[in-house]
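Values in this text are rule-based calculations from the coordinates and carry no lab data. Model, not experiment: these values are computed from the prediction. Here the Cβ positions follow ideal geometry from the backbone for every residue, glycine too, while neighbour counts run over all protein chains shown.
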Amino acid sequence: MHSVLAVDDSASMRGLVTYVLKQAGFKVVLAEDGLEALEYARNQAVDLVLTDINMPNLDGIELIRELRSLPHYKFVPMLVLTTESGTDKKMEGKAAGATGWLVKPFDPQQLISTISKVLA
Amino acid sequence: MTALRKQVDELTSQAAEGDAAGQYLTFLLAGEEYGVEILRVQEIKGWDSATPIPNTPEHVLGVLNLRGAVVPIIDLRKRFELESIPYGPTTVVIVVKMINDGHERTVGLVVDAVSEVYKLETGEIQPAPDMGGSINTEFVRGLATVEEKMLILLEVDEIVNFSTIDIDESEEAAV
Amino acid sequence: MSLDIDMAEIAQLFIEESMEGLDIMESELMNLEPGAADSETMNTIFRAAHSIKGGGATFGFAEISEFAHHVETLLDEMRQGQRAVTTEAVDLMLQSVDCLRDMTSTLSDGPTDTTRAKELEIQLETMMQHASPVAVAAGGVGQKGSQDAPAGEPADDNSHVGSWDIHFKPHADILRSCNDPLRIFRELASLGELDVCAQGAENLDFEKLDPEECLLAWKLSLRGDISRGQIDETFAWVQDECELVIEPVGDATSQDESNAVDASEEASAEPVAAPASNEPAPVKPVAKAPAASQESSSIRVNIDKVDALINLVGELVITQSMLSRFNGDYDFTQLHILREGLTQLSRNTRELQESVMAIRMLPISFAFSRFPRLVRDTGNALGKQVELRVNGENTELDKTVLEKIGDPLVHLVRNSLDHGLETPEVRKAAGKPETGVLELNANHEGGNIVIEIIDDGAGINKERVLSIARERGLVEPDEELSDERITNLIFMAGFSTVDKVSDLSGRGVGMDVVRRNIADLGGHVTAQTETGKGSKFTIRLPLTLAILDGQLVRVGKETYIISLLSIVETIQVGSDMINKVAGSSELFRLRDEYLPVVRLHELFGIEADSTNIDDGLLVVAEANGQRIGIFVDDLQEQQQVVIKSLESNYKQMLGISGATILGDGTVALIMDVPGLIQLFHNKGGKLDMPATATA
């Protein structure tokens, strides 16, 4: 069973993502912001990171940058799931090391297929 | 004759229905044995003095602390206008659940002593006749005879009417 | 979070979040200074709108999402500096926030009423039509958010459906974002028959090879009925991290034949498949979300508070284990340990109680937050200039109290705006600054919270209050009252100073309702005023409805509890200080007032130690502006008591607000002072006595 670290400051989004991922058979670890995710990631490995961008404390792009500097996260796929769709943000995300970019609102099927693809 | 008898039987058994059958806890009060549906009984505890609530009828002895809940205590002798006697070692409080107007309350009833638990079938319960004023028939669900004794089965919910309890009665009690 | 979490629950979360987001939007909009948009503030507002739009679409609330999109578009222009922040725009935004709030709060009730939303959409559109020059230069409006979905790039050979040759040379660092070319190839292979040929392997220097770099290029050949869009999509995320050449293969005729059909197919297929598509792809609309009650019954608790609670429980367990050693073998030499343990237990209990109460505590800012808006709107409607100052908004109080204090506060604030503060002309004429000041203060005082509503308006006209009170028969014609008493007459039932019913506060609800609502919370309200200088309303409330700071009093064998909030003072009076009026009521003189003596033993029909006034004490208590002296045998300690309802198993009783369980396990009744006054009155006690000293 693949594990996904899902990071979002919105409880409803966390709920929805958890719901969708668990239905698809993933193990889900939740974090409310980048800092919490980073704290978790320092000691734990996951198979994939799915993060929002706009979050308090540590935003998603910073999180990805920090995670990429951790040896055990160097090659972990990191997907961004955000309402942001601006090219600048995407470039920023890519520079930080994001593996892919999904725009909210998302289609659950699409989320699962994207995750499955990058995990394949 | 027999046909008429049968009809009456049917009618009375119908009237006594409304799950009158079941287990009853009986207690003694001024020489009579009364029964309350055992499902309504929450616990039986020894008598302990209650905190009086001012301006309430005489049969409302006050309130007790029942594991953190504040529960009113009713003296059934006084409620049934029977002669009062001093509380003795057998005096107990039967804590029952009453439902009035959709509101569920826990109430303690002070009785002389607890007696038995009987299982009664519908056929064993007869409707209450006019008791001649000593006990208001609205409290009484029916009568049953067990081991040659008469049991007066009480309608728990009717023992105290909380919506009218102070209106007529307390005026007298208060003056 | 469990797997079986209901979608309805998640949607409910969305509703709660949106409500919070709307509150943020509102308060931040209020912070916007027209003309000078602070970018951080604008971003916050924009993000909130954006989240509502996104969530709305995700959860299948299309009306919300659609309307939020309009709002967002305008906000985006302002955020980007393409549109000036004008008062009109802010007003329109505020109205939109209201509309969104209405829509959100009725989401669970079925189809949303979009009438208002449609009206506002038109207004928003109209505002956008008046494009500011910057906006025109930027190339239109409203599309900013969605135009850059990478998959949507139309290519010249978009219509070709068939086989493709692809030359793919990723940048060396493509692996750093975990975009493994193998994954891309796998995806392409799922579209059709794929041949892969790696290039550049011959130039690799294996000695110096960095395994984290990708130094190869590939030549790919993809056979099948594949559209350009499908390939673009596969490379979407890496297209700027590689050299990519995609060329159609095959003859032109077959291509043309298939055009008509495939183009439409492609159009319909793309929005679903494109990973970065901005089209909302909603989850099935949630049929029945739990009703979004305004008084939400859940509570969000700061994790620190929960941690504190867990720590305390830990300490309690330690204390318990310490005390449990005394279970079997008791030894007098260990007495000090027992005593220590009991001290610790009482400390644990107290701290635990405080911590548990703290969980229910919320800052009063939840109640205050609506006032900036209310003051602004009401001020505008009345043509008054008002500056609102708020202090102590972090003061915490019980959630239940907080929820119930909202309406009385609104009423008092409206009252101050309506009747207190003057119009700029009047103020100018009176030599005051044209802008009036309305102050809201909150702070803790002992176990209570004190809220003040202060205005620097005209003040309450005491002569007028008195004459109205006389007119209405609230005061005897020859009765003389202190200034304070007169001012507080406005709280009496049947009193209203408004001649013409105002649109704002004259809604048939008088100050007596405010007083009653506050009294229901166990608090009281008083007014102070100075003609020409302004008025001050002071609300005093218990911090919680579950616990009361009580004074234990004794009458005979009975112990009663009187809320410390209602006690003014406790005095001992001699029988020579008592006057008998009309043969029945006893009065005693307290400074310039005569107060009736309420004998609890008579009122309750119980035995007192003594009925002689010299032997007992008078507890001076106040309710609804009326003071009484409650005659008791003795005062006992003051303590916090947990309020238990008498009603839950018995019924409400006049003069008794509840009961509590004392340390010895017995029940004590809690007095309700307003009820006592009424009871006293019902029993023939006379309260309407001259209140000013005649002596």
Work from the charge dipole of the stretch C:548-682 (Cβ charges, +1 for Lys and Arg, -1 for Asp and Glu, about the Cα centre) and give the residue of C:GLN572, C:VAL673, C:TYR560 farthest towards its positive end.
C:VAL673
Given the candidates B:LEU109, B:LEU29, B:GLY46, the one whose Cα lies deepest towards the positive end of the charge dipole of the stretch B:16-158, counting +1 at each Lys or Arg C-beta and -1 at each Asp or Glu C-beta, is B:GLY46
Setting aside same-chain residues fewer than 8 positions from B:LYS45, which aspartates and glutamates have a Cα under 16 Å from its Cα?
B:ASP75, B:ASP112, B:GLU116
Taking every residue of B:49-59, the Cβ atoms of other protein chains inside 10 Å of its Cβ average out to 5
Phi to ³J(HN,Hα) by Karplus 6.51 cos²θ - 1.76 cosθ + 1.60 over the stretch B:150-156, Hz, x for Gly, Pro
9, 9, 9, 8, 8, 8, 3
Please give the charge dipole size of the stretch C:526-576, origin at the Cα centre, charges +1 on K and R Cβ atoms and -1 on D and E Cβ atoms. Round to the nearest 20 debye.
180 debye
In debye, nearest 20: dipole of the stretch C:303-359 around its Cα centre with unit charges on the Cβ of K, R (+) and D, E (-)?
120 debye
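Per residue of A:13-22, count partner chain C-beta atoms within 10 Å of its C-beta, then hand back the mean as an integer.
Values: counts 8, 3, 10, 10, 1, 5, 9, 1, 0, 5.
Partner-chain Cβ atoms within 10 Å, mean over residues of A:13-22: 5.
Could you sort out which of C:LYS384/C:LYS428; C:LYS462/C:LYS536; B:LYS97/C:LYS644; B:LYS97/B:LYS149; C:LYS428/C:LYS462; A:LYS94/C:LYS169 sit more than 20 Å apart by Cα distance in this structure? Walk me through the intermediate numbers first.
Numbers: C:LYS384/C:LYS428 12 Å; C:LYS462/C:LYS536 14 Å; B:LYS97/C:LYS644 18 Å; B:LYS97/B:LYS149 26 Å; C:LYS428/C:LYS462 23 Å; A:LYS94/C:LYS169 18 Å.
Where the Cα-Cα span goes over 20 Å, the pairs concerned are B:LYS97/B:LYS149; C:LYS428/C:LYS462.
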Work out from phi, with θ = phi - 60° and the Karplus expression 6.51 cos²θ - 1.76 cosθ + 1.60, the ³J(HN,Hα) of each residue of the stretch C:412-425, listed in order in whole Hz, and give x for Gly and Pro.
5, 5, 4, 4, 5, 5, 6, 9, x, 6, 9, 6, x, 5
Magnitude of the Cβ-charge dipole of the stretch C:48-115, K/R +1 and D/E -1, about the Cα centre, nearest 20 debye?
260 debye
Please compute the average number of Cβ atoms from other chains found within 10 Å of each residue's Cβ in peptide C:639-651.
5
Along the positive direction of the dipole of the stretch C:363-542 (beta-carbon charges: Lys, Arg +1; Asp, Glu -1; about the Cα centre), which of C:PRO424, C:ILE460, C:GLY523 reaches farthest?
C:PRO424
For a quick size check, give me the Cα extents of the stretch C:363-542 along its three principal axes, largest first, whole Å.
45, 37, 27
